[in-house]
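The values are calculated or read from the model by the stated rules, or taken from the named source; none is laboratory data. Since we're looking at a predicted model, the values are computed, not measured. With ideal geometry, Cβ positions are generated from the backbone for all residues, glycine too; neighbour counts draw on all protein chains shown.
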Amino acid sequence: MLLTPFSGSRLCIAVVLLGASVLQGCAVFSGTRLPDEATLRAAVPAPEREFRAAWVATVANIDWPSAPGLAVWQQQAELRTILDRAAAMGLNAIVLQVRPTADAFYDSPLEPWSWYLSGKQGTAPSPPYDPLAFAIEEAHRRGLELHAWFNPYRALHPTALDSVSALHVWRRLPDVTVPYGELVWMDPGSQAATEQSLAVMLDVVRRYDVDGIHLDDYFYPYPVTGDNGQLVPFPDSLSFSGDAADRLPLDDWRRRNVDTFIRTLYEEVKAVKPWVKVGISPFGIWRPGYPASITGFDQYEGLFADARKWLREGWIDYFSPQLYWAMDSSGQSYPKLLDWWIGENVHGRHIWPGNYTSRVILDGNAHWDPAEIVRQIRHTRSTPGATGNVHFSMRALMPASHGMGRAVAQEYASPALIPASPWLDDARPEAPLVSVTSTHVAIQPQGDVQARWWSIHWFDGRRWDFDVIPAWQQRLSVPAGVDPEYLAVRAVSRTGIASLPSLLRIRD
């Protein structure tokens, strides 16, 4: 290890103490003569880039908290354990579900506290704390991005039907909610329902330092089959008959409702904080036959979600289709679907496919071997146009996970920056001021563009190695017995734009 940050932050540094192994991305110089400084500065490698994220689901207490009604200290300890694990295994982002059922995992003026948090909807944590603010602070301390995950239309879930709060949309605006199957949904055709969901998300964008706003695959609900074996129609006849602007066919009208929501969300988030990423994780198949040989559920007809249109229109910053099938699946091929979605990405947005990592911990014949997820990570990595993965869910990456967490950690052993989003802001930070004493290295930010991370390369006379640390950490110790020759540090903005490197000679 070359440098260790103060305050206990981890540096993921792989150093070869014996042998001639060379890390991926390291520049290697042959011979014994050290290159001159100009040559060395030009040879500082570009930072490694890959999005490595996991969903942390709160609905039904899938990932966190482990049960409703835990003491505040237990909730916080569990979340710290999750974030510690994420950082230790090389992830660089967490997608935290903050609105599972028109409720809140934060102090909201618009919706009640979640039942999954307190055990009673509308009951605040005691002693008071804001879980989202806590999660953001703890994630950023570890160098992780925190994306706030919302379900735009799901109103009530069968696991949390007790004591519905007076602040909940089902009680405040009963005309915009409808029962369907075992759940209650906000009607996407209702203007009031759409305005409620948009207001909730924009409130979070304004008040919290989130790095992203994230939606999953739930827009109109998945079709429900009745006792007679027939599909149950979604009960939106009132909103459909009341929309007299034009007379689209019902299915086209539903798709327009969702399209309008997605476009408006993207535009309004950018009007408030242009750097906040908007991401969507739709069902992994747009329509059967796209590409040829693909079979399965049709989200275009079944969920009225035209996910291809959202990608083609550039209404998102990252796109994480849920490719929840095996590499060798004939009708739902992971490689073929990934290639197809990349081909639709005409605006060059991020493609970060979602992986069904939790399938490793399922019982019975549905169980996958961890090697399947490793293959998917490696395939994504080798596919031009795809630059990362999102794992469902964090539970599968915890220590007691049938070896899945260990396998993924091995894939993510080398640190990586999150890929840059220059269309959000391409301003380049100034190179930091770096100085050294007999005991530590100091890094000082320069200029007006705020740094979110430091990209660090060090040179031992023959090769470069790499690490990423959060920019709040500005004082690094040089451990006894370590003798680096040069250190190169770049400032990296919150949209991932890296400065030119500052090159510091550590010893003569």
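Things worth noting here:
- Candidates ALA124, ALA139, ALA133, filtered to the one that is within 18 Å of ARG207 (Cβ to Cβ) and surrounded by 24 or more Cβ atoms within 10 Å (Cβ to Cβ): ALA139
- If the condition is being touching a residue at least 24 places away in the same chain (Cβ under 8 Å) and surrounded by fewer than 13 Cβ atoms within 10 Å (Cβ to Cβ), then the range 377-397 contributes ARG378, PRO384.
- Given (1) surrounded by fewer than 16 Cβ atoms within 10 Å (Cβ to Cβ); (2) over 22 Å from ASP317 (Cα atoms); (3) in contact (Cβ under 8 Å) with a residue 60 or more places away in the chain, index of the condition ARG254 fails: (1)
- THR264 satisfies every condition listed in (1) modelled with pLDDT under 95; (2) under 30 Å from PRO109 (Cα atoms) except (1).
- Residue match in the range 79-100 (condition: among the acidic types (Asp, Glu) and surrounded by fewer than 16 Cβ atoms within 10 Å (Cβ to Cβ)): yes
- The residues of the range 346-376 that are aliphatic (A, V, I, L, M), assigned to a helix (DSSP H, G or I) and surrounded by fewer than 22 Cβ atoms within 10 Å (Cβ to Cβ), listed by number, are ILE361, ALA366, ALA371, VAL374.
- Subset of the range 434-448 [small (Gly, Ala, Ser) and surrounded by 11 or more Cβ atoms within 10 Å (Cβ to Cβ)]: SER435, ALA442, GLY447
- Residue ranges of helices (runs of 4 or more DSSP H) in the range 1-120 with at least 1 members at pLDDT 95 or above and under 30 Å from ALA498 (Cβ atoms): 72-88
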